[in-house]
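No value in this document is a laboratory result; all are computed from the given coordinates. All values reported here derive from a predicted model rather than from experimental measurement. No Cβ is skipped: glycine too gets one built from the backbone with ideal geometry, and neighbour counts run over all protein chains shown.
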Amino acid sequence: MVSDIILDIEGTICPISFVKDVLFPYFLRQLPALLDQYQYPLLEDVSDPVKTILLKFPRDKTAARDSLYSHIKALVDNDVKDPVLKELQGLVWAKGYHEGTIKAPLYEDAIQGMYTWSTRKDKKVYIYSSGSVQAQKLLLQYVRGINEPEAAPGKDLNGLVSGYFDTTNAGPKIQPTSYSKIAETINTSPDECLFLSDNPKEVAAALEAGMQSYLVVRPGNAPVESAPAAKISTFAQLDL
Ligand SMILES: [Mg+2]
């Protein structure tokens, strides 16, 4: 019996290309104008949230606009998991979401599953993603079905989610202890939890912690040779 369904985001409920093809380019398009509004070297101004984040980059980079731009662009291009970059991107993406420019395309079967499970008395839906909890909530606040036009009105799915986990409050996604911690936090035995992810290492870690798990295969995901669990290509295959 499954009482708690824990969902990964990228490659599971949302195409893996969304971050690379939509969010990263959006950030890079906003970046020049964002940096142009300041004088360099950057000086502290606690009343300005953007400047406060920018000043967390190395001092020598914030001395000139172009060195700061090159530094940030290189972090993005090389997909460096830099906490300051993450913070800055979060702020820029929030603006894009709130303005209606960005909407997260979610697989229709994932949206359907989230609706179905969350409205049942005996089930709850959770998110576990390496993106911050704040970023997860933002993404789920402005959703469209992947087959809907980009201009379709956004749906807010946060009401369907009972809890959010990231690497800060649960731990690394490839570590079994993170899954034990999640089960403990939501007050459920691990064997009643179902974890769905496109990453075989995450699936293996969840299984090791005693959870049930399937490997989700979506278009554009990296091919998986030896999966630690059965594969599914749509949530419609699940009979919970
Ligand atoms: Mg994933």
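Convex hull volume of the Cα atoms of region 20-98, normalised per residue: 88 Å³. Per residue, the convex hull around the alpha carbon atoms of the chain comes to 135 Å³.
With helices as the sole contributors, the chain gives -11000 deg cm²/dmol at 222 nm; each DSSP H run of n ≥ 4 counts as -39500 (n - 2.57), and the sum is divided by every residue. Approximating the spin labels as points 7 Å out from Cα along Cα→Cβ, the residue 45-to-residue 225 distance works out to 5.4 nm. Listed by chain and number, the aspartates and glutamates placed with their C-alpha closer than 15 angstrom to that of residue 173 are 8, 10, 198, 202, 208; residues fewer than eight positions away on the same chain are left out. Computed from backbone phi with θ = phi - 60° and the Karplus coefficients 6.51, -1.76 and 1.60, the 3J(HN,Hα) list for region 151-164 is 7, 4, x, x, 10, 9, 9, 4, x, 8, 9, 8, x, 10 Hz; x is used for glycine and proline. For residue 21, project a label point 7 Å along Cα to C-beta. Then give me every residue of region 215-230 with its amide nitrogen under 18 Å of that point. Correct set: 217-223.
Fewest to most neighbouring Cβ within 10 Å: what's the order for 53, 13?
Least to most surrounded, the residues fall as 53, 13.
Note on region 13-106: Lys pairs 8 or more places apart or on different chains, Cα atoms under 22 Å apart, count 24.
In percent, rounded to a whole number, the relative contact order of the chain is 25, using alpha-carbon pairs under 8 Å and six or more apart.
Applying 0.36 nm per residue to the separation of residue 118 and residue 64 and subtracting their alpha-carbon distance, the gain on full extension is 14.4 nm. With neighbour counts taken as other beta-carbon atoms within 10 Å, the residues 92, 46 rank, fewest first, as 46, 92.
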